[in-house]
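Participant: Pasting a structure below so you can have a look.
The values are calculated or read from the model by the stated rules, or taken from the named source; none is laboratory data. This one's a predicted model, so the numbers in the text were calculated from it and none came from an experiment. Don't worry about glycine lacking a Cβ; one is built from the backbone with ideal geometry, like all the others, and counts go over all protein chains shown. Remember, those area values only see protein heavy atoms, side chains included, never the ligands or the DNA or RNA. Shrake-Rupley method; radii C 1.70, N 1.55, O 1.52, S 1.80 Å.
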Amino acid sequence: MRDPQARLEEAVGLAAAIQLHVVNAGIVSLGTIRPATYLGSGKVEEIAGIVRAENAGVVFVDCALSPVQQRNLEKAWNAKVVDRTGLILEIFGARARTKEGVLQVELAHLQYQRSRLVRSWTHLERQRGGFGFLGGPGETQIEADRRQIDERILRIERDLESVKRTRGLHRLNRKRVPYPIVALVGYTNAGKSTLFNRLTAANVRAEDLLFATLDPTFRALNLPGGTKAILSDTVGFLAELPTLLVAAFRATLEEVLEADIILHVRDISHPDTEAQAADVQGVLKELGIDIQTSGHAIEVWNKADRLDAERLETLRNLARRAPVAEQPVLLSALTGEGTDILLRRIADKVVANWPQLTLQLDPADGATLSWLHRHGEVLSSDLTKQGKLKVEVRLAPERAEEFNRRRAKAQAAGSH
């Protein structure tokens, strides 16, 4: 069960993310959902009085409204009414920067609008104007009938297929660079972008703002032991994220599907942290990823700097009691405390995925053994009856290739 006050704060945060100035916010107790107006008549009249007193132009209702409910509330309050899905779409529309992101948002927007334009298109056109709910006349107008909307949806879907192919080629190019992909996922405002900047010394937008990051970003990540990875920052998740947006952003979230390691970043100081974690896990399951059983996920408990000493110690003890492979990493992306432990954990998982080689070395070849210790993980080294040094080692694919080149060069030099 979510904390009502925390849910209200999230709703206010969503409004702030689209630069709405919130003049009044409150929690409404609801016994029965009314088919016509969602809320009871008394509450509708009460809010109408607040709208008039505050001279409000937009009312954000933090739930999913049917087209009829939305239309009736707009008439009762004489203001634009935006539900949760509508506002999230608006935020995504404002945040999208890449061609793919813009297309995905417009597709989701049109699909949402299409479901509301069956009986009342003229009314909605007059009320809202163009592409966004909050825009007015002068912005791009959505075509005034379903046929044109359907045609536009088909064009966008074709464009997205083209962009998706391009993204697939980029992904193949990244695979040719033999570095593992580490993807950050988490509830919006959990601190993913701050952690991304901390780990990569990047300058990605990181604010105390819902959905500050939308399009995926990639940077090189240097790990202990000299290994490297590619770190990907993805869109934040949200409770009741509209299904059509999950579908529309599937291509973007495919970066998570392709990741070798997933970092599930949680705001451990938030009162609804458990519910938020469940929301993230639910969306990932829709994509076919179960981070609880996948074996390649690390849970990151962020914002430790916001905890008092007692809560901090409780969480440390809780983390220690978890199986070693599943232990969460408690850290603060803001201060950097604990990030060295996270980098070590990532490096350990990367190394665990490296191919294991069995090598026969001359015991006098100290240079090669030293190289293996510097660039790989030497698991064992034993002297055989034949007088050879049998070495079990894990090497990154690019290091294995380098090692083979070194040996071939040494053998060629020895044969002359």
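Participant: Using amide H atoms built 1.01 Å from N in the peptide plane, name the residues 5+ places from ILE298, or on other chains, whose amide H lies under 5 Å from its own.
Facilitator: When sequence neighbours closer than 5 places are left aside, the close amide H contacts are ILE262, LEU263, HIS264.
Participant: Working from the pairwise distances between different alpha carbons, so that the mean of 1/r is found and then inverted, what is the range 253-365's Kirkwood radius in Å? Walk me through the intermediate numbers first.
Facilitator: On the way: mean 1/r = 0.0628 Å⁻¹.
Final number for the Kirkwood radius of the range 253-365 is 15.9 Å.
Participant: Assuming 0.36 nm per residue, please report the length gained on full extension of the stretch ALA367 to ARG147 beyond their Cα-Cα distance. Before the final figure, lay out the partial values.
Facilitator: Numbers: separation 220, 0.36 × 220 = 79.20 nm, distance 7.23 nm.
Between ALA367 and ARG147, full extension yields 72.0 nm more.
Participant: Apply the Karplus parameterisation 6.51 cos²θ - 1.76 cosθ + 1.60, with θ equal to phi minus 60°, to every residue of the range 339-344 and state each ³J(HN,Hα) to the nearest whole Hz, in sequence, with x for glycine and proline.
Facilitator: 5, 5, 5, 4, 4, 5
Participant: Can you return the lysines within cross-link range of LYS75? Criterion is Cα-Cα under 24 Å, with same-chain partners fewer than 8 residues away left out.
Facilitator: Qualifying lysines at Cα under 24 Å: LYS43.
Participant: Roughly what would the spin-label model give for VAL22 and THR314, points 7 Å off Cα along C-beta, in nm?
Facilitator: Once both label points are built, they end up 2.6 nm from each other.
Participant: Quick one: what are the phi-derived ³J(HN,Hα) couplings along the range 231-240, Karplus 6.51/-1.76/1.60 with θ = phi - 60°, whole Hz, x for glycine and proline?
Facilitator: Here the 3J(HN,Hα) series is 9, 10, 9, 10, 4, x, 8, 7, 4, 6 Hz.
Participant: Run the quick spin-label model on GLU240 and ARG34: label points 7 Å from Cα toward the beta carbon, then report their separation in nm to one decimal.
Facilitator: That separation, rounded to one decimal, is 1.8 nm.
Participant: If I ignore ligands, DNA and RNA and count only protein heavy atoms, how much of LEU87 is accessible to a 1.4 Å probe, in Å² to the nearest 10?
Facilitator: 0
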